[in-house]
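A.B. asks: One structure coming up, written as structure tokens, with questions to follow.
Taken together, the values in this text are just the output of simple stated rules run on the coordinates, not laboratory data. Since the structure is predicted, the reported quantities are computational estimates derived from the model, not experimental observations. All Cβ positions, even for glycine, are placed from backbone atoms using ideal geometry, and neighbour counts span all protein chains on display.
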Amino acid sequence: MAYEPTYQSPQFHGGDGMVTPSGSIESQQGRCTLDEPVTETIMRDLRSIGMKLKYVMLPRAREDKGQGLREWDLWGPLVLCLALGIMLSMHAEQASLAFGLVFIIVWVGSGIVTINALLLKGKISFFQSVCVLGYCIFPLVIAAFCSLMLNVIWLKVIFVTIGFTWATGASVNFMSELLPEDRKALGVYPVWLFYVAIAWLILIS
Amino acid sequence: VCFPNFNSSELFGKEMALPPNWTKYTTDDGKEYYHNSVANKTQWEKPDWSEGPESGSFHSQSSEVYRPTVSDLDLQERATGTAQMVPLSGEEARGGKLATEADTVSLREAPRGVMDSAGGGPPPGPQSQGSFLGFGSMLASAAAGSEEGAAGVQGWAGSMLAYGQQLFDVSSEDVLKRLKLALVPFQGQEDAANDFRTRPDFYGPFWVATTAVLFLAATGNFARLLELEDEQLFKSDFSLVSVAASMIYGLLVAVPLAARLGLYCSGQSVDCINFKQVICVFGYSLTPLIPMSVICLVPMGFLRWLAVCVGLVTSLAFIYGTLSTDLAVEAPSLKWKVLGLFCCAHAIIFMTYRIYFFHSI
């Protein structure tokens, strides 16, 4: 099979073997993606994001510890973070502060949680971990959307609790698997704290 | 910004026996790699039978490329330079890749600087073979850097990571023990002081501070919600988060710095106090803030004041118990000044919380 170099502009992409920076040595399918229509390029990314979102919601994600998110990309977390920020700042008094807080907590928070795992001698890839933490916010985004629709405090609490439990399921398994034995709790606690912070933000808006 | 991705190469071999001296291993990720014990070669591709045990030779000098080996995943092994040079498989050497390699060198250089905060610095060269050494090792470090973020790091970033890992070298039981000590400080003072002196850690201070920030802001907001007559009127106050964060993180950094400055000004050597221990103890002494903030949810003024005072006394007792003997030995003239500094810092935190975060006194 002859290989043609693919000259494609770099994308926000991980390891699915299709996208590489210009002048890459190899591509798994060997096709030139320069000729395809733009919609096809965009749809491919959107489909990949959609697939990962669906994967996060399924119970299978909790069992196989997030293996479906192996091919990381950061578009999904960005979209989720923006959605959450917009939803939470819509009715807030200090809208810009709320939006900024959501952004900071999601990105800086997942970065810090990952660095913490690395410092505890975990065998983690930085961007894959940020990707998993970002995608697992999806249940909380759904809970935020539902609680935006209804203003009853009881239902809000229930939705957010369900979303929080769902979110921590997959990501905690993912994180604890890659840490040394005697430090699993140390690495998992920041993940839990991260989702508690987001859940709290949703609750008080 | 782009995040370059480096594919692991396709395995061309079908399922069949390996040539002599080749063994198959699997990484933790499930990838398979092959090692030749005679020629001491490691590669991702299944070896074909044409490569005999004498294959110390490569297909051609110019088609060599550095392949990341599993030993790259381990920082310790990296130091001994177990990186290997491996020939490109025949399929890849065809097809004129070499012409584009010069472009990819410069292209990969730029994104790599943006990509990984841990990546950076010139990669060390493996045993030199051929002119593509620099390109190959840069590819390798970039590849390893993207695949295994920290484990593939080289140069100064790697040593920073190793230094950081020393500071976080605690187990779960250690941290739990220290937290319990911070909450109930009147037990086992001697071993506790020794423990903090010999093995200070930064995990506790950082995460206790972060948890305290979150709890202070959350309980402050929640208490305001409870106090309001009409729930619908509640507008959350996000500035409490910024106040709590700047207060706690600021003091966590400023107090040891101030102590260090005081040492410097008083003419004594700055190294006589173990500052890692000081930061560690100060961080753990923030632990009583967390239960105290939960107790302060109860809307009784008297109970809140009681909780604040008990928390303050506990923190100070903890600091005194762990640091006083060491300070007396290391810097006797400054002992009370340093302890007084801690007292002020804690008083600021607790009082600000009680007075500013809750509207009613």
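A.B. asks: Using the count of nearby Cβ atoms within 10 Å as a rough guide to exposure, how do B:Phe318, A:Phe159 rank from fewest to most?
C.D. replies: So the ranking, lowest neighbour count to highest, is A:Phe159, B:Phe318.
A.B. asks: Another one. Taking only C-alpha pairs under 8 Å that are 6+ residues apart, what is the relative contact order of region A:31-204 in percent?
C.D. replies: 27
A.B. asks: Which parts of region B:305-333 would a label at B:Cys265 reach, counting a residue when its backbone N lies under 19 Å from a point 7 Å out along Cα-to-Cβ?
C.D. replies: Counting only backbone N, you get B:331-333.
A.B. asks: Could you tell me the number of lysine pairs in region A:31-204 with C-alpha atoms less than 24 Å from each other, where the two lysines are 8 or more residues apart or belong to different chains?
C.D. replies: Summing the qualifying lysine pairs gives 9.
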